[in-house]
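Bear in mind these aren't lab numbers, they're just calculated from the coordinates by the rules spelled out. Bear in mind that the values here come from a model prediction, so they are computed numbers and not experimental data. Here the Cβ positions follow ideal geometry from the backbone for every residue, glycine too, while neighbour counts run over all protein chains shown.
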Amino acid sequence: MSYQHKTKLTREGWFYLVVLCFVLGGAVLREINLLFVLSGMLAGPLILSLRSVATALRGLQASRTLPQGVCAGESLAVEMQLQNTRRRVGGFAVTVEDSMGLAAAGEERHSVFFPYVAAGELRKRVYHARPERRGRYAVGPLRITTRFPFGLVQREIVTGGSDSLLIYPRMGRLTRLWTARRHEAFEGGRRQRQRYSRAEGEYYGVREWREGDSRRSIHWRSSARLGRLVVRQPEQPHTRDMAILVDLYAPGHAGNAGNAGGDDLQRVERIISFAATVAADVCRQANANLLLAVGGEETRLVRGAVSSALLQEVLRELAVCEASEKDRLQEMLAAAVDKIDAAAEVVLVSGRIPQLTGDARLAGLWNTAPRRSLLRRIRIVCDTDGFFAGEGEGAEGEDEEGYRNNRATGEVRLLSQYFQP
Amino acid sequence: MSSERLLQITVAAMAALATVLLCMSQRFVVLPTVVATAAFCSVWLTDVKGWVRLSRIPAGLAAVTALLYCLHQLFPLNPVTAILEIANLLIYLQLVLLFQKKETRIYRQLLMLSLLQVVVATVFNQGIWFGFLMVVYMFAALLALMLLHLVREEGSGQAVFPGREIFARVGMLGVGTLIFTAAAFFALPRLGQPAWRGQNVEPRRAVGYTNEVALGELGLIVEDPQEVMRVQFVDPNDGHRAPVLGEVYLQGAVLTYYEKGNWRSEPPPRRERRSRPMPDGREDRREISRQWEFDARVPPERRRYSGRRRWPRREDLEKELEPSADPPQKGVVRQAITIEPMDRRELFSMRPFFVTQTNPDLRLSDGGERLLRLAEYSGRRFTYHLDTTALENGRQSAYVPLAEEPDMEELLQMPENDLSNGLPNLTALAAAWTAETKLPPENWLARAMLLRQRLGNGERFQYSLEGQKRDWKIDPIEDFVVNNPRGHCEYFATALALMLRSQGIPARVAVGYMCDEFNDLGGFYQVRQLHAHTWVEMYLPHEKLPPGLQEEITSAGAWMRLDPTPAAASAAPPHPWIAPLAGSLDWLQFAWDNYVMEMDRTRQKQAIYQPLVNWVKSGVEKLKDPEWWRAVGRRVLFMLNPRNWNVSQWFSWRGGLVGMAICAAAVFSFRGCRYCYRLLRARWEDRRRRRSRAARVEVAFYRRLGAILAKRGLVKGESQTPREFARMAAERLAAAPETRELAVLPETVVEAFYLVRFGREALDEDRREEVETALGRLEGRGQGTGDR
């Protein structure tokens, strides 16, 4: 644990010193002994304050308890503890100051005042903060300060190192349209299954083995072929599987997306916030798989059966992902397409209308039937100024071209139609 | 009680206390009472109930009104008045602030105003009670500062703090501040001016030391304890204190002419004689012309004795105090006298006196009978040194030798009483007393002793400082002798002098101070106004001196001091605990005066620095003296013997103080050493940390070597040292022709590793580059080999 200390005169201390000099000057010049006495009485507290503030912080240990799982824009309560390890002497007027901030942005200071901590006592106090941006915040180090007893001298101890606190993306609200579409997709699949599926228990396909699956359902031949455990799927699953593909392409704005400055970066933040909200929504439902692929500075992929742990992991990834100056859509899709379940609903969130079929680099991706099937199921949600809602209406320029090229895909929608930050 | 309420009470108390301190010197009771009442009311009405709270505008108006009022009072401009008016303004502003809603700003302003009042008060006050109240004020101020800080930090001010611990902290800090104050006060060097003794509007009044004294006048000051002067007696050869026992008589003026209750040093003006009309109506100018002839013929210093003639102007008689042409060599003691500012130029001393060096600030008047200072020194403290031979075996001699015979006629002058025939009753009483004893008329000494004894034995005449009703139809001294035999020293001295004269014995009255208040700590007589005294000097010609003195005293004879004043009637015994209390207060007052108020450069040197130096010197000498060590050993052995154990022997103030000083020095030394040790250890650990961090960084290259060689299938065995591993790798690399040239590189890297890991040295730039190159070569060649 690092430990630094600093002692300085406060503003009141400087003023007090000026008064002291005035009195002492009068005493020396006129040789007024009572003024000498008064000067001593004035100087005594100042000198003793230097000693008192040094001893006042001796034996005091400060610590904090950081909360977990806080999203940007939510209130954050940090509990501060001050332990007085001395056996006889209490601690008066101790302020514990904490700082919190993103590396790129300025830090915000929060202080907690402990009027009195008796000997051997542990006191707790809470301060509240409201981080407005997602990201990894540096918290601390803690500064324990006191000006006791007279407020003339301040002693500051910087104790402990910095902790980090992950602030998840801001959660928004999904619109009714999104809910309806999602419901429609789910119900439509079920109706289709009812119409076309075979009898219950009939073999439908294979899927990856999940924890909890019976060993008897393992399809050993396919497992041997694929090199991983797969199980028989007796029917088309009526799950709410979801794959969220997040495209964080923001030309000319590389770096920390959390430090949103321009429109592109704000757009990136909205996209991330939407992805986080959708992920949280999916994770609230049972019996579903979730895949998240992020194409930012780095390409990241998270998938699994929905659970709170998965949601935490997804939010962690979304909290730290950064916008990319390079177009990593192809990289992201290449990493994700084979991992997306056949029945999963696929949403591609982007700040543009990506040309999934028109782009030569992407064209090679759809070389197999399952991939082409997937391409048809991709629903594009874009946050762009040049394109407006509606299928095939009013497309302009590049977006228009992208829209035409994406005829082959599912639907293209504006982010604002599905999401309110 | 919340911290803010306690703060409000403390600040109000401080305001009242500061005003009390300010008004102490003026003995003004109304203003402190008003402020104390207002302070109490402000706590109740403004702070507790909130009924009266001045907003900014009324408060500002009140402050401006107070300012204008004080400005008006400033004129006519006078420094003392100006300071007092500024002090009053501080009080008025304080009153306005007390009735405002208290915020941090208001608290600060109140504290500042009260402090300024105390600053002003120090200019006017000198007493020990002021010191006590200053200490009380200091504790209140510490409490207020602490509470203000807590309230300000806490914000709401409603927090309840543990009062016991707060008061304990204030107590400890207060004691610490007092110790620091004492140390700083004595250690701070003074510039060399005389210590400030208060802003006295008027210097001390000198009564009875002029050339005309009325009976009863002295009684006005004989109960005043105000200090007038200090007299030290030192050996002029070595400067050490000369032993003096008993009381000392410090003579100021001598009075020779008595008339109608008035003593004069000069003959009374005989205007009636000068202006007596001639039978033809013209003024008799002969007397005047005779006087002028006399003035022209007789040198000024000798004219004083011509009592029958016109007295010349006093300024003409003053002369510088010349060094004695033939100073005595034996029995000389130097008087170092410091006199406070007075309204007269007269100085006092033990007689006879002389100087060995000219002092231009001193003047002699009246033919050597009156000692004066220059007029510009009368309004301030003045120190002068005079040598004397008056001390015999530490006691002041009753005889003052004369260089020349005095004028007997003026010493036998009796009043020409218009009211009655002279002083018939006084003369008759003296005659009756002498007749009783049948002492021969030529035995002046015996008669004088008789008269003094009869006057001062307290049987008929009583000493009293109370004013007495006198029958002013007769001479006051006749009234004293006949009707009301109560009075103070002037009456007794006058009665004795006139009785002696009535018996044909030349005598005069001397006025000065008779002091028996010797300050053991300071080694000086502390002379106060209440020591003012009058006594009688009887002239004894050489032949009438006691036989033992005739050899020592010149043929001109001597003055013999006679003090007929009896002791004052003993008052009722004080309460058993009052006497020690009064004694303690006197001691405190003495200590306060001597070690606080009088602390100037000289005193600091005498009382602090010189004793300290002497103490250290003597300590060092003792430490070097084997005999002292033997004595200490004997003492220790003696005390270790249980038969010699005596509780009283185990305690010594000096030993205790030395022990405490040694303990304090040991504690400070220990703490200092511990601090230095911690400082050095922190630096050493910091350096070690930095070094190990560097080492951690630098041994990374060894791990990198391991990784590179591992790709080639060269893995270090557990039992292998890095050198053995490097040798083994070198052999393997040398075995293959394509890697033969790389064989030396592992050893190069491992040697660098040894240097860093075990030699605890950082690699220099060249070595680091060499290692980097070696690793690069191994890496490149290794990958290539693997691909193939």
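For segment B:720-776, the relative contact order works out to 29 percent when only alpha carbon pairs closer than 8 Å and six or more residues apart are counted.
Among B:Trp684, B:Trp559, the ranking by other beta carbons within 10 Å of each residue's beta carbon, starting with the fewest, stands as B:Trp684, B:Trp559. From the cross-link list B:Lys49/B:Lys102; B:Lys319/B:Lys544; B:Lys260/B:Lys319, which pairs have alpha carbons spaced over 22 Å apart? Going by Cα-Cα distance, B:Lys319/B:Lys544; B:Lys260/B:Lys319 fall outside the 22 Å limit. Grouping the Cα pair distances of segment A:112-163 into 5 Å bins from zero gives a pair-distance distribution of 4, 13, 16, 24, 19, 13, 6, 4, 1 percent in increasing distance order.
Going through segment B:595-665, which chymotrypsin sites (Phe, Trp or Tyr not before Pro) have at most 13 other Cβ atoms within 10 Å and a DSSP loop state?
Hits after loop and neighbour filter: B:Trp645, B:Phe651.
Phi-derived couplings, Karplus 6.51 cos²θ - 1.76 cosθ + 1.60 at θ = phi - 60°, listed residue by residue for segment B:82-97: 4, 5, 5, 5, 5, 4, 4, 4, 4, 5, 5, 4, 4, 5, 5, 5 Hz, with x used for Gly and Pro.
Rounded to the nearest 0.05, the FRET efficiency derived from the C-beta distance between B:Trp684 and A:Glu79 at R0 = 25 Å is 0.10.
The translational diffusion coefficient of segment A:279-390, from Stokes-Einstein at 4 °C and 1.567 mPa s with a Kirkwood hydrodynamic radius over alpha carbon pairs, comes to 86 µm²/s. Separation of segment A:86-101 and segment A:278-312, taken as the distance between their Cα centroids, equals 42 angstrom.
Each of A:Ala54 and B:Asp224 was given a label point 7 Å from its Cα along the Cα-to-Cβ line. The distance between the two points is 5.3 nm. Charge dipole (Cα centre; +1 on Lys/Arg Cβ, -1 on Asp/Glu Cβ; no other charges) of segment B:659-731 amounts to roughly 320 debye.
For segment B:405-465, the equivalent ellipsoid derived from the Cα gyration tensor has semi-axes of 21, 19, 13 Å, listed largest first. Note: relative contact order over segment A:49-186, using C-alpha pairs below 8 Å and six or more positions apart, is 29 percent. Taking θ as phi - 60° and the Karplus parameters 6.51, -1.76 and 1.60, the scalar couplings of segment B:337-344 work out to 10, 10, 10, 6, x, 9, 8, 10 Hz in sequence order, x denoting glycine and proline.
Near B:Arg370, the amide H atoms lying under 5 Å from its own belong to B:Ser365; only residues 5 or more places off or on other chains count, and H is placed 1.01 Å from N.
Based on Cα atoms of segment B:56-192, Rg over Rh with Rh as the Kirkwood radius reads 1.04. Can you give the local net charge around A:Thr65? Use residues other than it whose beta-carbon is closer than 15 angstrom to its beta-carbon, Lys and Arg +1, Asp and Glu -1. My count for the surroundings of A:Thr65 gives +1.
The alpha-carbon atoms of segment B:121-193, seen along their principal axes, cover 51, 24, 20 angstrom, with the largest extent given first.
Kirkwood radius for segment B:1-116, taken over all pairs of different Cα atoms as the inverse mean of 1/r, rounds to 14.5 Å. Packing around the peptides A:129-142, A:9-22, B:659-672, B:499-512, taken as the average count of other Cβ atoms within 10 Å per residue, puts them in this order, highest first: B:499-512, A:129-142, A:9-22, B:659-672.
Overall, the ratio between the Cα radius of gyration of segment B:331-481 and 2.2 N^0.38 Å, rounded to two decimals, is 1.38.
Spin-label model, B:Asn262 to B:Ala591: label points 7 Å out along the Cα-to-beta-carbon direction sit 5.0 nm apart. Sites listed here are trypsin sites (Lys or Arg not before Pro) in segment B:15-81 whose DSSP assignment is loop and whose Cβ has at most 16 other Cβ atoms within 10 Å: B:Arg27, B:Lys49, B:Arg53. Sequentially through segment B:655-666, phi angles give Karplus couplings (6.51, -1.76, 1.60; θ = phi - 60°) of x, x, 5, 4, x, 5, 5, 5, 4, 4, 5, 5 Hz, Gly and Pro residues having no value and appearing as x. Look at A:Cys321, A:Cys283 and count the other Cβ atoms within 10 Å of each Cβ; fewest to most, that gives A:Cys283, A:Cys321. Estimated from the Cβ-Cβ distance and a Förster radius of 51 angstrom, the FRET efficiency linking B:Glu376 and B:Lys624 is about 0.45.
Of the GluC sites (Glu not before Pro) found in segment A:320-374, those in coil by DSSP whose Cβ has at most 16 other Cβ atoms within 10 Å are A:Glu325.
The residues B:Asp686, A:Asp281, when put in order of fewest to most other Cβ atoms within 10 Å, stand as B:Asp686, A:Asp281. Both radii come from the Cα set of segment A:35-148: Rg as radius of gyration, Rh as Kirkwood radius; their ratio Rg/Rh reads 1.13. Label-to-label distance for B:Arg395 and A:Thr368 is 13.6 nm, based on points extended 7 Å past Cα in the beta-carbon direction.
The mean count of C-beta atoms from other chains within 10 Å of the C-beta of residues in B:170-181, rounded to a whole number, is 5. Note that segment A:1-54, at 25 °C in a medium of 0.890 mPa s, gets a Stokes-Einstein diffusion coefficient of 197 µm²/s from its Kirkwood radius over C-alpha pairs.
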